[in-house]
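Below is one structure; the comments refer to it alone.
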Amino acid sequence: MRIVSGIQPTGNLHLGNYLGAIRNWVKMQDDVAAGGGQSLYFLADLHAISMPHNPAELRENTLEMTAALVACGINPDKSILFNQAQVSQHAELQWLLSGTARMGWLNRMTQWKDKAGKNREGQSVALFTYPVLQAADVLLYQASHVPVGEDQKQHLELARDIAQKFNNDFASDDAPVFTLPDPIIPPEAARIMSLRDGSAKMSKSDPSDMSRINLTDDADTIMQKVKKAKTDPEPLPSDKGGLEGRAEAANLVGIYAAMSGESQDAVLARFGGEGFGKFKPALGELLVESLAPINARFIELRQDREALDAILAKGALKARELAAPTLAATYAALGLVRG
């Protein structure tokens with residue numbers, strides 16, 4: 001089993017990133033390693049240039065995200081952790097697959113439509129073709145499985161379509177060039193919403209820092225944000241059904257359940273009938289206790305740029321070695337002569 005997944009280096013991670021994806025990465029890393037498989041996790045810095053960006057910020061965000069992932073539990077000795085830009089095979093394979101990918105397939109990508117909006121002619125070519133780079137990201141390593149959420153299912157299907165067409169066009173049935181990766185639908189991830197608006201996802205782009213719990217927040221800041229989180233005047237219900245129509249209450253109960261490993265019904269069995277004046281301090285204490293080790297490790301790592309560079313360099317070396325046979329097979333299948 002070989003798992004491949006990436007994340008864009010967009011700066012500080014928040015609670016939504018941790019509970020929604022990274023905690024699952026850590027569990028998969030441990031499970032796959034125990035079974036003798038491999039996990040590859042990468043910082044998608046090549047994807048980041050598909051949109052306007054500040055080069056200095058991208059460099060800093062890449063290192064900061066590396067520190068955050070390691071602080072959260074990604075172990076460079078169990079997983080291969082690297083950034084795309086150090087593994088040139090990603091970009092090479094994207095170009096080789098561009099002869100197989102079809103304009104019609106890319107035009108149907110819903111994320112292209114969402115990100116481009118009405119100004120499609122003004123968008124970069126990279127934004128249009130980045131699903132082909134995503135395909136290269138996983139096909140390059142003969143990934144057997146790729147963890148995907150709802151918003152990425154379509155892109156994994158595209159990767160499978162590209163792999164299948166390439167194999168049909170340029171390889172034999174008994175010796176395909178690419179493995180068709182299967183999706184892993186992670187255990188239902190907590191959908192963490194804004195502390196200021198229960199109908200909007202927790203996001204780094206929200207102008208209000210009070211809307212999110214950053215993994216860099218200290219204990220006092222976490223407690224303050226939780227206590228000021230938007231709620232309603234009603235007490236907590238005794239079961240999950242009573243949260244219907246109460247988005248902010250449901251969000252806070254969901255965060256507590258995700259952090260404690262309990263069901264929402266179990267949380268409400270304990271706090272049902274209580275007001276938020278009692279529940280919020282309990283939630284704040286749970287968050288502080290759970291995030292303190294991550295916060296301390298992150299601060300330590302972030303100050304050691306040499307260690308972070310070494311982690312990425314070591315991971316990139318391993319990734320390049322794994323990628324080389326697939327890239328060579330792709331060139332050969334296309335009839336391209338290399339020195």
> Restricting the search to the range 242-257, which residues are hydrophobic (A, V, I, L, M, F, W, C), surrounded by fewer than 22 Cβ atoms within 10 Å (Cβ to Cβ) and farther than 13 Å from Gly272 by Cα?
Replying inline: Ala247, Ala257
>> Just to verify a result, which residue in the range 1-40, among those that are among the hydrophobic types (A, V, I, L, M, F, W, C) and touching a Leu at 6+ places or on another chain (Cβ under 6 Å), is farthest from Ala68 (Cα to Cα)?
In response: Val4
> Among Gly241, Gly254, which is in contact (Cβ under 8 Å) with a residue 24 or more places away in the chain, in a helix (DSSP H, G or I) and within 27 Å of Ala269 (Cα to Cα)?
Replying inline: Gly254
> Can you tell me how many residues in the range 34-50 are of a type outside the set (S, T, N, Q) and either farther than 18 Å from His90 by Cα or assigned to a strand (DSSP E or B) (or both)?
Replying inline: 8
> Which of the following residues is not assigned by TED's automatic domain parsing to the domain that holds Ala68 and not in a helix (DSSP H, G or I): Glu262, Glu285?
Replying inline: Glu262
> In this structure, does Asp239 turn out to be surrounded by 20 or more Cβ atoms within 10 Å (Cβ to Cβ), charged (D, E, K, R) and farther than 14 Å from Met193 by Cβ?
Replying inline: no
> Among the residues of the range 8-24 satisfying the criterion of being touching a helix residue (DSSP H, G or I) at 6+ places or on another chain (Cβ under 8 Å) and part of a helix (DSSP H, G or I), which is nearest to Ser208 (Cα to Cα)?
Replying inline: Leu15
>> Step by step: first the residues of the range 3-23, then only those that are under 21 Å from Leu156 (Cα atoms) and surrounded by fewer than 19 Cβ atoms within 10 Å (Cβ to Cβ), then the one that is modelled with the lowest pLDDT. Which residue is that?
In response: Ala21
> Can you name the number of the only condition in (1) in contact with a helix residue (DSSP H, G or I) (Cβ under 9 Å, 6 or more places away or on another chain); (2) of a type outside the set (D, E, K, R); (3) touching a residue at least 40 places away in the same chain (Cβ under 8 Å) that Ala266 fails?
Replying inline: (3)
> Which one of Pro293, Pro207, Pro281 is surrounded by fewer than 14 Cβ atoms within 10 Å (Cβ to Cβ), over 20 Å from the mean Cα position of the chain (by Cα), at pLDDT 95 or above and not charged (D, E, K, R)?
Replying inline: Pro281
> Could you give every pair whose Cβ atoms fall below 9 Å, whose first residue belongs to the range 88-105 and is charged (D, E, K, R), and whose second residue is surrounded by fewer than 20 Cβ atoms within 10 Å (Cβ to Cβ), counting only separations of at least 6 or pairs across chains?
Replying inline: Glu92/Leu327; Glu92/Tyr331; Arg102/Asp161; Arg102/Lys165
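The values are calculated or read from the model by the stated rules, or taken from the named source; none is laboratory data. All values derive from a computational prediction rather than experimental measurement. Cβ atoms come from the backbone with ideal geometry, glycine included; neighbour counts cover every protein chain shown.
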